[in-house]
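Report on the following structure.
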Amino acid sequence: MKEHVLAVIGCGRIAKNAHFPALTQIEGVRIKYACDLIEEKAAYMKETYPTVVENVITDYKIALADEEVDTVYVLTPNYAHYTVTMDALRAGKHVFCEKPITVNYALSCEMAEEANKRGLMLNIGVCNRYHRSVEKLEQMVREGKFGNLYHVYCSFRSFRSIPGLGGAFTTKEQSGGGVLIDWGVHFFDLILYILGGAKLQNLTCDAYCEMAKDMKSYRYTSMWAEDTADIENGTNDVDDYITGYIRTDKASISFNGAWAQNIKKDEMFIDFLGDKGGARLAYGQLFEFYDGATLETTKEEYEIPNMYLCEDIAFLESTETGEKNRSHIDNILESAKLLDALYASATERKELSF
Ligand SMILES: NC(=O)c1ccc[n+]([C@@H]2O[C@H](COP(=O)([O-])OP(=O)(O)OC[C@H]3O[C@@H](n4cnc5c(N)ncnc54)[C@H](O)[C@@H]3O)[C@@H](O)[C@H]2O)c1
């Protein structure tokens with residue numbers, strides 16, 4: 001790989017747990033700037049990776065003004081994706097932006113247009129497209145192992161997982177929504193990827209904000225992203241439960257998602273139903289394949305490489321070759337369109353057609 005000079009903007013959880021560990025393993029990567037509004041978070045990255053991270057800054061415009069920087073990682077909360085990405089593209093940088101693209105489809109399209117107009121790469125953090133199980137399932141569907149894949153059901157439900165109650169995660173203006181845009185984005189993106197270019201036809205959706213509508217009475221034992229919580233003065237106006245039905249020109253899709261529910265089960269899986277075979281993918285893990293002819297169940301064991309490392313390498317390579325890969329924004333817009341339409345259907349309480 002050639003030398004890549006990076007600025008990483010946003011040094012929170014996904015930066016710390018996924019992208020810094022991955023990027024610092026890739027030969028040729030220099031992280032010239034680690035940037036966060038909270039200086040200690042950026043400084044932590046330099047202390048942890050002193051041979052790769054060169055400078056700590058709090059104003060990302062410093063990195064954008066540096067001509068040596070060719071690539072920018074945008075790992076901020078959703079509300080800042082659009083502004084930081086557009087600024088980086090206008091400064092002539094390739095951009096990797098975490099999921100969701102941004103808070104709605106219209107702004108997502110603007111981001112794609114800006115990148116394409118400038119001939120710059122803009123990839124989105126749809127890490128599941130690099131998960132070995134997803135890659136294998138996609139290949140099996142293409143090889144006809146499922147026959148006619150007529151329906152997909154997915155469940156992304158948890159007992160108590162509302163993040164940062166009252167903070168950015170639960171404030172629609174900043175996050176774009178709740179469990180649908182936060183967790184559903186991954187499930188729908190990987191389903192659309194496996195279905196391979198399915199065109200949306202119509203859908204219906206219901207969204208609920210029930211479990212913490214009175215934030216002070218929400219009972220839980222732990223809360224991820226608790227550091228952003230503001231139960232006293234904050235906002236919770238997003239979906240904690242979502243359900244619906246989607247028709248495409250390929251399979252139909254039904255789903256239930258819950259950040260929190262009064263059922264003490266965490267169920268994270270996707271069922272792919274075909275007339276020859278079916279599979280249950282345990283989200284982020286292996287899958288079982290059910291052969292309709294032999295009645296046998298197979299669960300192949302295989303290595304699951306670090307999907308963040310795979311997506312980062314693929315992105316950096318694409319900036320060298322100019323070839324748009326599976327996580328290029330052009331290939332993700334359909335799932336952004338889907339999320340917007342699901343929210344619109346829930347708000348208007350009616351079926352919507354494309
Ligand atoms: N792909 C995945 O599996 C995955 C998992 C978790 C989060 N994410 C996404 O990653 C993004 C970040 O999530 P997180 O959990 O790391 O959030 P986080 O709040 O832990 O970190 C975000 C950081 O960005 C910083 N920041 C905000 N605005 C900034 C700006 N203008 N300049 C510099 N720094 C700024 C904040 O101070 C914070 O430290 C979100 O969009 C989220 O949806 C993706």
For C209, enumerate residues with amide H under 5 Å from its amide H, sequence gap 5+ or separate chain, H modeled in the peptide plane. D240
Give me Rg/Rg_expected for the chain, where Rg uses Cα atoms only and Rg_expected = 2.2 N^0.38 Å with N residues. 1.00
Roughly speaking, what is the centre-to-centre gap between the stretch 295-325 and the stretch 6-39 when only Cα atoms are used, to the nearest Å? 20 Å
Before anything else, pin down the relative contact order of the stretch 4-126: Cα pairs under 8 Å, at least 6 apart, normalised by residue count, whole percent. 23 percent
What's the extension gain from E296 to T24 if we count 0.36 nm per residue and subtract their Cα-Cα distance? 93.6 nm
Under DSSP loop assignment and at most 15 Cβ neighbours within 10 Å, longest GluC sites (Glu not before Pro)-free interval of the chain: 69-142
Tilt, helix 132-142 to longest principal axis of the chain (alpha-carbon atoms), in degrees rounded to tens, equals 50 degrees
Separation in nanometres of the label points that stand 7 Å from Cα toward Cβ, at Y208 and Q139: 4.1 nm
5 angstrom amide H check on T76, placed H, neighbours 5+ away: E98
Karplus 3J(HN,Hα) series, Hz, for the stretch 20-37 with 6.51 cos²θ - 1.76 cosθ + 1.60 (x for Gly, Pro): 5, x, 6, 4, 6, 8, 8, 4, x, 8, 10, 9, 5, 9, 9, 10, 8, 4
√(5λ) per eigenvalue of the Cα gyration tensor, the stretch 4-126, largest first, Å: 22, 15, 13
Pop out the ³J(HN,Hα) list for the stretch 106-111 in order, Karplus 6.51 cos²θ - 1.76 cosθ + 1.60 with θ = phi - 60°, rounded to Hz; leave Gly and Pro as x. 4, 5, 4, 5, 4, 5
Cα-based equivalent ellipsoid, the stretch 208-337: semi-axes from gyration tensor eigenvalues, Å: 33, 25, 17
For the stretch 4-126: lysine pairs under 24 Å (alpha-carbon distance), excluding those fewer than 8 apart on one chain: 21
Using 0.36 nm per residue, how much length does the chain from N256 to E288 gain when fully extended, once their Cα-Cα distance is taken away? 9.4 nm
Note on the stretch 154-288: contact order normalised by length, alpha-carbon pairs under 8 Å, 6 or more apart, percent, works out to 39 percent
Residue by residue, what Karplus-based ³J(HN,Hα) values in Hz, rounded to whole numbers, does the stretch 55-62 have, using 6.51, -1.76 and 1.60 with θ = phi - 60° and x for Gly and Pro? 9, 10, 9, 10, 10, 5, 5, 4
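No value in this document is a laboratory result; all are computed from the given coordinates. As the structure is a computational prediction, the values presented were derived from the model and not from experiment. When we count neighbours, we look across all protein chains shown, and the Cβ atoms used for this are built from the backbone with ideal geometry, even at glycine.
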